[in-house]
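Below is one structure, written out as structure tokens; comments come after it.
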Amino acid sequence: MLEELGEPYELRYVDMMAGEHRKDAHASRNRMKKLPVIEDGEVVVSETAAIGVYLADKYALGRLSPALDDADRGAFLRWCFFSPSVLEPGAMAHASKWDYKPGQAGFGRYEDVIETIDDALGEGPWLLGERFTMADCILGGTIRWFIQFGMIEKTDAIVAYAERLGGREANQRAAAINAKVTEERGLPTR
Ligand SMILES: N[C@@H](CCC(=O)N[C@@H](CS)C(=O)NCC(=O)O)C(=O)O
């Protein structure tokens, strides 16, 4: 997200292997003790989708997020929130074989979730067609993560989308930063 944004930023490393995210310094920013969290001056934002929309609206309105009166705004928001409210719980329910009634869960049937994403990516190259937005960082990031862990169907459209995302210059810069930190700190690669 931050590499796509192009604004200066500083990364702070939180050593999850050592349980640092459960200590007060981080827990006071997010009681769920989850990462990521951003600090922008006095503003603290947790929840990946919220971070993405916050950054895009504040620093790249009209580029990474459609303006408030832009007809693409609805689809943009829909895809930003599809990730935490539909794909993530739906894939978790499916992978963990949760016993649930689709009519009682906000994400419905897993098969419908996958078909919805697959259909949306049919035209491509991005969720909003030719227009790359922060929604691709948010939902696309989850898709790439889930592919790594075998938590999503590898349809042709989903795999091709993940590859397109991985090929973006910003993504490659971020991957290089991650690789450097991983090496410097002797972290496991998976
Ligand atoms: N709802 C959060 C979830 C983020 C999340 O799952 N973070 C994981 C790492 S990818 C985490 O912080 N795990 C630490 C733990 O639960 O101990 C978001 O959307 O950002």
Kindly establish whether Ile147 is of a type in the set (Val, Ile, Thr), in a helix (DSSP H, G or I) and in contact (Cβ under 8 Å) with a residue 24 or more places away in the chain. no
Can Lys97 be described as surrounded by fewer than 20 Cβ atoms within 10 Å (Cβ to Cβ), within 16 Å of the ligand (Cβ to nearest atom) and in a loop (DSSP other than H, G, I, E, B)? no
Answer from Tyr9, Tyr13 - the residue that is over 26 Å from Gly150 (Cβ atoms) and in contact (Cβ under 8 Å) with a residue 60 or more places away in the chain: Tyr13
Please work out which one of (1) open to solvent by less than 80 Å² (accessible area, probe 1.4 Å); (2) more than 14 Å from the ligand (Cβ to nearest atom); (3) on the phi < 0 side of the Ramachandran plot is the condition Lys58 fails and give its number. (1)
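Restricting to the range 15-25, count the residues that are near the ligand (Cβ under 9 Å from one of its atoms) and either surrounded by 13 or more Cβ atoms within 10 Å (Cβ to Cβ) or not in a loop (DSSP other than H, G, I, E, B) (or both). Steps first, please.
Pass one, the range 15-25, residues near the ligand (Cβ under 9 Å from one of its atoms): 16, 19, 21-22.
With either surrounded by 13 or more Cβ atoms within 10 Å (Cβ to Cβ) or not in a loop (DSSP other than H, G, I, E, B) (or both) added as a condition, the list becomes 16, 21-22.
The qualifying residues number 3.
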Cβ-Cβ distance below 7 Å, separation of 6 or more or different chains: which pairs start in the range 64-87 with a residue that is in contact (Cβ under 8 Å) with a residue 60 or more places away in the chain and end on one that is among the basic types (Lys, Arg) and in a helix (DSSP H, G or I)? Pro66/Arg73
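Please pick out the residue among Ser85, Ser65 that is within 11 Å of the ligand (Cβ to nearest atom) and at pLDDT 95 or above.
Ser85
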Conditions (1) assigned to a loop (DSSP other than H, G, I, E, B); (2) within 12 Å of the ligand (Cβ to nearest atom); (3) open to solvent by 70 Å² or more (accessible area, probe 1.4 Å); number of the one not met by Asn30: (3)
Return the residues of the range 155-187 that are basic (Lys, Arg), loosely packed, with under 12 Cβ neighbours inside 10 Å and in a loop (DSSP other than H, G, I, E, B); say none if nothing qualifies. Arg185
Quick one: would you say Thr189 is farther than 19 Å from Ser65 by Cβ and not hydrophobic (A, V, I, L, M, F, W, C)? yes
Go through the range 36-51 and give me each residue that's open to solvent by 40 Å² or more (accessible area, probe 1.4 Å), within 12 Å of Leu11 (Cα to Cα) and within 10 Å of the ligand (Cβ to nearest atom). Pro36
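The values are calculated or read from the model by the stated rules, or taken from the named source; none is laboratory data. All values reported here derive from a predicted model rather than from experimental measurement. Neighbour counts are summed over all protein chains in view; Cβ atoms, including those assigned to glycine, are modelled from backbone coordinates with ideal geometry. When the accessible area is computed, the model is the full protein with side chains, heavy atoms only, and any ligands, DNA or RNA have been set aside. Shrake-Rupley method; radii C 1.70, N 1.55, O 1.52, S 1.80 Å.
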